[in-house]
1. Highest first, please rank the peptides 56-63, 210-217 by the mean number of other Cβ atoms sitting within 10 Å of their residues.
2. Working from Cα positions, state the angle (0 to 90°, nearest 10) between the long axis of helix 43-56 and the longest principal axis of the chain.
3. Using the alpha carbons of the range 104-233, what is the convex hull volume per residue in cubic angstrom, as a whole number?
4. Order the peptides 191-201, 134-144 from the highest to the lowest mean number of other Cβ atoms within 10 Å of their residues.
5. Amide H of residue 96 versus every other amide H placed in the peptide plane: which residues, excluding those fewer than 5 positions away on the same chain, fall under 5 Å?
6. Charges at C-beta only: +1 for Lys and Arg, -1 for Asp and Glu. How large is the resulting dipole of the chain about its Cα centre, in Debye rounded to 20?
7. Among 72/147; 109/220; 122/230, which pairs are too far apart, with a Cα-Cα distance over 25 Å?
8. Would you mind ranking 84, 116 so that the residue whose beta carbon has the fewest other beta carbons within 10 Å leads the list?
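Just so it is clear, none of the values below were taken in a lab; they were calculated from the coordinates. Note that the structure is a prediction, hence the values are computed from the model and not measured. Because the Cβ atoms are built from the backbone with ideal geometry, glycine has one as well, and the counts that use them run over all protein chains shown.
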Amino acid sequence: MIPTTSYSRDRCVTGVHGLDEILKGGIPYGSTVLASGTCGSGKTTLGMEFLVRGALAGEACAHFTATEPSVKLLENIRQFQFFDMQMVDTGLINVFDMDVLYSWLGMQKTSFELEDVHALIKSITDIVNTIGVTRLVIDSVTTLCYKIRSEQLIRDFLFTLGKKLATLGCTTILISEITSASENALWSSFGVEEAIADGIIVLGDIERMGHLLRYIQVVKMRGTGHSRAKYAFELTPLGVMMTPMLKWGSVKGQ
Ligand SMILES: Nc1ncnc2c1ncn2[C@@H]1O[C@H](COP(=O)(O)OP(=O)(O)O)[C@@H](O)[C@H]1O
Ligand SMILES: [Mg+2]
């Protein structure tokens, strides 16, 4: 007999405007979500707002920054009204500079070998476990791979990272840098990142009458039904704002 009771998995309610509605309640708790986008598409801002909304609800958050130094990241993000530097000062949002982490680990080298890759994953998971992080952002997984020369080692690193993240219990946004978010584009640089992700969110640009409009689209999210439409994605001083693309009347079939 088919059971009639429905099972609903606990959600990480992101608190980001529009996103929880698109995801019918939030990201299934403990998922690893790839946020893929081109340069300037809003990945870092989305990731940081995800942490801020969690910190406001009392969650322990961590942001590992590899694309830019933490000083620069915080300098840029503090322009947004949703961000409060006190969250960092009081340890609700823990920002880790990957370059500092590399120097703690004695990994200031031009290329990483197998033991470095394992030390890196161990150090990230130790930090997450020690602080009891429930929201994690790695910005970006693409940059983490730059010092790993061999493709095989990159694949091993990503699969091991994915397996570790799956056991940590925290909800993770793995930021992925791509050069194009067009229909035929890949969601990652190495083609493995999407395989370790439970969800994929794409951030891109659409040109309309001389303006570059930002859009966001949830391509995949295990454990929940969700809209697969493109939504206009705006970065406002108060944070992210999402509206259905149809408002512009120019994106058909979405
Ligand atoms: N204070 C601000 N208010 C609104 N938008 C901003 C503000 N500061 C930066 N931006 C926009 O955010 C973009 C960068 O977003 P970011 O999240 O860093 O992108 P990514 O990480 O994908 O490269 C800038 O190009 C600019 O358009
Ligand atoms: Mg960025």
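1. Highest to lowest by the protection proxy: 56-63, 210-217.
2. Tilt relative to the chain: about 90 degrees.
3. Expressed per residue, the convex hull around the Cα atoms of the range 104-233 is 137 Å³.
4. Listed from highest to lowest mean packing, they are 134-144, 191-201.
5. Sorted by chain and number, the residues that satisfy this are 63, 64, 65.
6. Once rounded to the nearest 20, the dipole reads 720 debye.
7. Distance filter (> 25 Å) returns 109/220; 122/230.
8. 84, 116
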